[in-house]
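Here's the structure we're looking at; comments come further down.
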Amino acid sequence: MNNQPIGIFDSGIGGTSIWKEIAIALPNENTIYLADSKYAPYGKRSKEEIIALSIKNTKKLLELNCKIIVVACNTATTNAIKVLRDQFDIPFIGIEPAIKPAALNTKTRKVGVLATKGTLSSELFAKTSDLYATKIEVIEVIGTGLVELIEEGKIHTSEMFALLTSYVQPLIEQNIDYLVLGCSHYPYLIPILRKMVPDNIIIIDSGEAVARQTKVILSEKEILKQDYQEGSHIFFTNGELQILRDILKKSNIPTSSELLEF
Ligand code: DGL
C-alpha cells in the first residue's frame, strides 16, 4: 500500500495521451506529470542530450516523491531507459512503438511506423523490429515537424493536415494495413488520420499497453494505492501553460496545472 504519486514525464504535452490511459486504468492513483516542453522536441536531439534531459526529469519526479516513473515518451524510452534503470532505484515503465501486435496481425505484410528520428534511429527500436518484424516489411517514416505543431497547439490546422498527408499518403500507396504511432504526441492526430487513411488500415498506439503494464508492476511491487478515493492529477510544464490546459480539457478528468522551472 502506497499513496505516493505515479510520476510521468514527456518531452512535452504529448505524453498526456498516456497519462489519460493510466488515469482510466488506475482511477484512484495520484499522478504528477512533467511536460518538458522547453526542451521539445527530443526527437532531434543526440542520445546524450536525451539521457541528460531524462535524468533531469527523473530527479524532479523523485523530489516530488513519486513511487514509480512512466517515461511517456518513445524517444526518451528508446534512448535513455537503460541508463535510468541503472542509475535510479525506482521502477520505470517505458513506451515503445507497438511493432509486435502490428507484425503479428498484418495481412498485407506491410506495416508503417510513424515516429521521431530519435526513436527510429535508436538501438532499442532496431532490436524490437528485428525481434518481431522478421517476415514483414516495416516502413519507417520520421514525423518531422509534427511534435512542434502539437506543442504549438496547432493540431486541427491546414498546415498539420498537409504535413501529415505527405507522410501517410506514400504508406497508403505501399499497401500497409497497420499504422503504428510511435510517438506519444501522435494519438492526438488520430481523428485527422482517420479521415485520411482507408478503413482497412488499423491505427495503433501504445497508451493502453503502458497503462496495463503500470498496473501490473504496481501490483507486483505491492505499491498500489489501497483506498478508493479518486486520484488527484497535477501537471507541471516549463512551456506554455494554456496549451497544456487546452489539451487536458479533452480528457474530461479533473486536473490542476501550473508552471514550474525544471
Ligand atoms: N512524445 C515524444 C515521443 O513519444 C516526442 C518526442 C519529441 O519530443 O520529439 O517520442
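Every number in this text was worked out from the coordinates using simple rules, so none of it is lab data. Please read these numbers as outputs of a predicted model, since none were measured by experiment. Note that each Cβ is placed from the backbone with ideal geometry, even for glycine, and that neighbours are counted across all protein chains shown.
For the stretch 1-78, the Cβ-based charge dipole about the Cα centre amounts to some 180 debye (Lys, Arg positive; Asp, Glu negative; other atoms uncharged).
Would you mind checking the stretch 215-247 for residues with the amide N under 15 Å from a putative spin-label position 7 Å along Cα→C-beta of Asn2? Only 215-227 fall inside the zone, counting backbone N under 15 Å.
With a simple spin-label model that places each label point 7 Å from the Cα along the Cα-to-Cβ direction, the separation between Tyr228 and Ile24 comes to 2.2 nm. For the chain, hydrophobic long helices are taken as DSSP H runs at least 15 Å long by C-alpha position along their axis with mean Kyte-Doolittle hydropathy of 0.0 or more; these are 158-173.
Using the charge dipole of the chain (Lys, Arg: +1 at Cβ; Asp, Glu: -1 at Cβ; taken about the Cα centre), state which of Asn238, Asn57, Ile172 has its Cα farthest towards the positive end. Farthest along the dipole direction, towards plus: Ile172. Taking 7 Å steps out from each Cα toward its Cβ at Lys47 and Asn252 produces label points 4.4 nm apart.
Between the listed residues Gly14, Ser46, Ile217, the Cα displaced farthest toward the positive end of the dipole of the chain, a dipole computed from Cβ unit charges relative to the Cα centre, is found at Ile217. Estimated from helices alone, the mean residue ellipticity of the chain at 222 nm is -13000 deg cm²/dmol (sum of -39500 (n - 2.57) over DSSP H runs with n ≥ 4, per residue). Dividing the Cα radius of gyration of the stretch 147-242 by its Kirkwood radius returns 1.08 for Rg/Rh. A Cβ-based charge dipole, computed about the Cα centre of the chain with Lys and Arg at +1 and Asp and Glu at -1, lands at about 360 debye.
Expressed in nm to one decimal, what extension gain is obtained for the pair Gln242 and Arg212 from 0.36 nm per residue of sequence separation less their Cα-Cα distance? Fully extending the segment from Gln242 to Arg212 adds 7.8 nm.
Shape summary: the stretch 72-195 maps onto an equivalent ellipsoid whose semi-axes, from the alpha-carbon gyration tensor, are 25, 20, 11 Å in decreasing order.
Taking the centroid of alpha carbons for each part, the stretch 154-200 and the stretch 54-106 are 25 Å apart.
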